[in-house]
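The values are calculated or read from the model by the stated rules, or taken from the named source; none is laboratory data. Note that the coordinates shown come from a computational prediction; the quantities given were computed from them, not determined experimentally. Neighbour counts run over all protein chains shown; Cβ positions are idealised from the backbone, glycine included.
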Amino acid sequence: MKSVILITTGGTIDADPYPENPADAPFNASFSQTASTAAKELSEIISKEHPDIVCNHIAYSAKDSKNITDEDIKKIATLILQHFKETPDRILITCGTDRICEISQKIKEYLPDLPCPVIFTGALIPLANGAISDGTNNLEQALFTKPDAKADIYIAIDGFFTDPRLIYKDFQQRKFVPKEA
């Protein structure tokens, strides 16, 4: 049986629905007071596609990534370390897309030697927006894509499954793009 740990920190993936026009999306996401939409969606993906996977959910916060502090990042790193004892096959972390690359790189600085892959993911459109959301695809990619190398930090978003240093969010195009060498 495979084991996955999901740590939710907030971000668009768990936000209330946005207007259909991306230009009308709010500057800061707002979150419902109910359980994580990402955790529910991941649970559905697992039950349909891989019921042999056990997923433990840890709700760290419901913050927009712009509001995640260095102290939060240290606490998330500590949470990851605490759960290595459970020997998960991978740890998934949902995060707001504005700072996902920066936050994941800082986690890598705190935890240079990992016993399993740690994959950050999020969404450009909330799961609450239904079929137009990229959140389900990003969660599936984070859960099922095999890393090319050893246990490390990865980002699974917008069609990428890569080292966070190799991509960035292009705010004008509203998508992730590779960094130029």
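Table for the structure above
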| item | result |
| --- | --- |
| Residue that is nearest to Pro115 (Cα to Cα) [pool: residues in the stretch 152-167 that are crowded, with 16+ Cβ neighbours inside 10 Å and among the hydrophobic types (A, V, I, L, M, F, W, C)] | Ile153 |
| Yes/no for Ala149 being out of contact with any His (no Cβ under 8 Å at 6 or more places or on another chain), surrounded by fewer than 23 Cβ atoms within 10 Å (Cβ to Cβ) and among the small types (Gly, Ala, Ser) | yes |
| Single match in Ala39, Ala25, Ala35 (criterion: surrounded by 15 or more Cβ atoms within 10 Å (Cβ to Cβ) and at pLDDT below 90) | Ala25 |
| Any hit, the stretch 160-167, residues being farther than 23 Å from Thr37 by Cβ, of a type outside the set (Asp, Glu) and assigned to a loop (DSSP other than H, G, I, E, B) | no |
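Conditions tested, residue by residue: (1) surrounded by 13 or more Cβ atoms within 10 Å (Cβ to Cβ); (2) in contact (Cβ under 8 Å) with a residue 40 or more places away in the chain; (3) more than 13 Å from the chain's Cα centre (by Cα).
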{"residue": "Lys66", "(1), (2), (3)": "no, no, yes"}
{"residue": "Thr69", "(1), (2), (3)": "no, no, yes"}
{"residue": "Ile73", "(1), (2), (3)": "yes, no, yes"}
{"residue": "Thr87", "(1), (2), (3)": "no, yes, yes"}
{"residue": "Arg90", "(1), (2), (3)": "yes, yes, no"}
{"residue": "Cys95", "(1), (2), (3)": "yes, yes, no"}
{"residue": "Asp98", "(1), (2), (3)": "yes, yes, no"}
{"residue": "Lys108", "(1), (2), (3)": "yes, yes, yes"}
{"residue": "Cys116", "(1), (2), (3)": "yes, no, yes"}
